[in-house]
Amino acid sequence: MVPDRPSTSRWVPPPMPMYAVVFEEGEDLKGQTYSPFLFRQLGEDAEVTVPHGLSRAASAALPGLWYCLHLPNTVYQLADSSVTLLKLSQQLHLGHQILFVPIEIFDQEHCAGFMAGLDPVLAVCPDGLAEECGRRAEALGFAFPPVKYSDMSSDSIREHWKQIHKRYRPEVEYLGREPQLTRRLDTAPMDLPRRWLARQMGDDTAEAQINSLEDLDSLTARTLHEQALLSALARLEREGVGIDQAEQELPRAYAEARMHIPVTLALPGVAPAYARIAYDTALRSRGRPLSALHPEDTWSPEMHLRSDELVERAAIEFVATHQALSQSGIGFLLPSVPPEAFVALAELERHFSGTESGASVRRLLDRLNEAAKPLWSQTLIEIIRRAGMLTVFTNFPIGILRMPGDSAPLSARIPIAYRPLIPLLRTIQEELSPAVPIELNRNIRVLVAECIPSRDPVGQLSRIGWRTAREIVHLEASGITMNIVEAQSRDELRRAIADEMPHFLVISAHGALGNNSAGLVIGDELCVELGLERPPPVVILSACHVAPRGTGAVSITDLLIREGVRAVLGTQVPVDVRRNAILMARFFINIAVASGQAEEHPTLLEIWHRVQSSNAVNDVFAAGSQSLSAWGRSLMPNGETVLSDFMLNRSRGRLRPPHIYEDTETVLGEMADDQGQGARVRNWFRKPGYVPESLFYLFAGMPDRILISTLLDRTQGGTSPT
């Protein structure tokens, strides 16, 4: 259960105290790490929560995990920090380093990999494990004696902060204002990061607890205000405005502040089809949908003894809060996805066969959006409007939904990184694995593995498409080397990866759905897991429906994350192999361009979002009718093709991400008017229409932790949004 630390990049993080939360292993964990529940149905006596799958033994760690979130994540928290540093920390991912481990393996043999480079400070444990935990913690070099659950309080938090300050920074004035132990967990993903930020900004009222369920709106308003104030003050500090002028200039800076807040969403819920396969009838009946707020969702040293609903809430809220704290951002728990939305999504995913019409896809998307309406609270809308990116713990693709007021899906508006939420035990393990950034800024190696037999017509098209993509990339993208190899078995694929050691692995294969799992056909073998010994940082699955979500299938996209791949780009539906190759070529060209621009230091997620959202016009022409495609190749009066003129001239400054397809149609309609074909082209947009194929890709894992630059460039190059 103890993950190995990934290989480090050149970035050296600030001193990071490490905490440990230990628990008894339990019969449900002995001798195993994790295997997907889908391959064996669990019965009523299973020691696991329903429906998200948290081991009851591991849930005993919840009180300790929550306690650790109230302790310093870095030494920066021990003293006063500049507002510029506070703002830049949103790009650093300074999460609490917590070893989440059964006491049976709380030893050097099993924990050394995780502890490398960290300073073991404090272990937390249930009362019955205090003596043994103390012996093991001392042997591992922990600085302080363990704290048992019955001793945890706001007073003990205050004492631990003082001890940690004395250990790390005794020469620096202690900031104080230690966070009080959170009472309400339902608002903690938003409130605890807010209190940490307000504490550093000198707000003596930061620890005021939100006590009534009706106060979510005021909490949201206060949180957004403090984030805007941070952006404004950081801007003034970078402009060199002195203290005497700051008060006068603050209203201007506040009014001009552009907030790009890292936002973490937890979107629970499981597909009905998954629940039927994973749990028997009696066990399935214990499952309850989660609401955004719950009056009994409070911190307690015995929270792990509660109902499945409250235990799962506490675990899901923990990962959201941990992520939000690491980015000095905002976290928010949504209500469970309505079952009707999963059913509508499953129908949409089944509908794709390569011959679907744009009009029918639009109707199914409308049905899906209607089923998902209960998710869109005003709080969520206000948060997303100010978000710079979303990290979403979920097994539902929120990115294909339209936010109220938008005409394009959410993934066109904002970059989204998905983290699987099932099984919940694994989600906690993945969240607590160190998120060391990976820097890719020169000599990027791309390996394309052709896994479809060359005699297969799709395999032939794939080879043509990827050879063309390689020519385009090598012509336009210096700094990227793309190699194409044949891999007609899993062993050949592994050998090619070991030989090439690529940064990006592209697997061109047939996707296959079966037994409620989604995998790749490599040669003649269906693979849901690849068993990679040294997984590359990024895997791009150039294959159909390898990340479906409607039926809750176990997908290779999610399992590659668990094999150690940092980020996986997968498809929800069948995609055209030729269009996919061109889209990926655009992706790599944009990566190369970004690596050569000193003034921009984006993450891989940001680049993908730029490519995905700007591909709308290619969807119109390539995934539309033959008539639309032919018109896109026709000439405008200036001698440019319609597509070229649109991209180089007519669309500049006119495409709004929340309305990218609507605006694309508007500009193309005007161009058609210039040719005297306006009515005909606008009719083609509707009948037969086009498929927004680019939006059915999703990025799982941590693409936001892969930097197309160095982290030093990103934090010192003036790129921090204001």
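The values are calculated or read from the model by the stated rules, or taken from the named source; none is laboratory data. Note that the structure is predicted; figures quoted are calculated from it, not measured. Counting neighbours? That spans all protein chains shown, and the Cβs are built from the backbone with ideal geometry, glycine included. With ligands, DNA and RNA removed, areas are computed over all heavy atoms of the protein, side chains included. Shrake-Rupley method; radii C 1.70, N 1.55, O 1.52, S 1.80 Å.
Asp127 to Arg652: extension gain in nm, 0.36 nm per residue of separation minus the Cα-Cα distance?
Here the answer is 182.6 nm.
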Taking Cα atoms, the helix 577-595 axis meets the longest principal axis of the chain at an angle in degrees (rounded to 10) of 60 degrees
³J(HN,Hα) across the range 393-402 via Karplus (A = 6.51, B = -1.76, C = 1.60, θ = phi - 60°), whole Hz, x for Gly/Pro?
7, 5, 10, 10, x, 4, x, 8, 7, 9
Could you pull out the GluC sites (Glu not before Pro) across the range 490-533 that fall in loop regions by DSSP (anything but H, G, I, E, B) with no more than 13 other Cβ atoms inside 10 Å?
Glu533
Among Pro251, Gly240, Leu181, whose Cα lies farthest out toward the positive end of the dipole of the range 159-304, if unit charges sit on the beta carbon of Lys, Arg (+1) and Asp, Glu (-1)?
Leu181
If I take R0 = 35 Å and measure r between the Cβ atoms of Asp499 and Gln460 in this structure, what FRET efficiency does the formula 1/(1 + (r/R0)^6) give, to the nearest 0.05?
0.90
Cα gyration tensor shape for the range 615-665, rounded if a/c is under 1.5, else prolate or oblate:
oblate
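Give the percent of DSSP beta bridges with both residues in the chain that are antiparallel, rounded to the nearest 5.
Antiparallel bridges make up about 25 percent of those DSSP assigns within the chain.
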For the chain, give me every cysteine whose Cβ has no other Cys Cβ within less than 4.7 Å, ordered by residue number.
Cys68, Cys111, Cys451, Cys527, Cys544
Given R₀ = 41 Å, what would the calculated FRET efficiency be for Thr666 paired with Arg442, taking r from the Cβ atoms and rounding to 0.05?
0.55
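Between Asp366 and Arg288, what length in nm is gained on full extension when 0.36 nm per residue of separation is reduced by their alpha carbon distance? Don't jump to the answer; show the numbers that get you there.
Details: separation 78, 0.36 × 78 = 28.08 nm, distance 2.67 nm.
Gain on stretching Asp366 to Arg288: 25.4 nm.
Ignoring ligands, DNA and RNA, how do Arg490, Arg177 rank by accessible area with a 1.4 Å probe, largest first? Each step should come with its number before you reach the end.
Details: Arg490 55, Arg177 80 Å².
The ordering from most to least exposed comes out as Arg177, Arg490.
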Taking the Cα centre of the chain as origin, sum charge times position over the Cβ atoms of Lys and Arg (+1) and Asp and Glu (-1), and report the length of that vector in debye to the nearest 20.
1780 debye
Got a number for carbon plus sulfur as a percent of the chain's accessible area, 1.4 Å probe?
50 percent
Just tell me which aspartates and glutamates come within less than 19 Å, Cα to Cα, of Lys166; anything on the same chain fewer than 8 places away is out.
Asp80, Asp119, Asp155, Glu178
Any idea of the accessible area per residue across the range 504-639, 1.4 Å probe, to the nearest Å²?
31 Å²
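Could you state the accessible area per residue of the range 354-435 in Å², with a 1.4 Å probe and every protein chain left in place?
29 Å²
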Calculated FRET value between Met259 and Asp151, using beta carbons and R₀ = 30 Å, to 0.05:
0.15
Sum of -39500 (n - 2.57) over DSSP H runs of 4+, divided by residues of the chain (222 nm, nearest 500):
-12000 deg cm²/dmol
Based on Cα positions only, what radius of gyration and what Dmax would you give for the chain, in angstroms?
25.7, 84
Report P(r) for the range 518-558: all Cα-Cα distances, bin width 10 Å, range 0 to the bin holding the largest distance, values in whole percent.
27, 55, 17, 0
For the chain, the longest principal axis of the Cα atoms and the Cα long axis of helix 457-476 enclose an angle in degrees, to the nearest 10, of 80 degrees
By how many degrees, 0 to 90 and rounded to 10, does the Cα axis of helix 130-139 deviate from the longest principal axis of the chain?
70 degrees
With eigenvalues of the C-alpha gyration tensor scaled by 5 and rooted, the range 402-516, Å:
29, 21, 20
Net length gained if the chain between Lys373 and Leu85 were fully extended (0.36 nm per residue, minus Cα distance):
99.8 nm
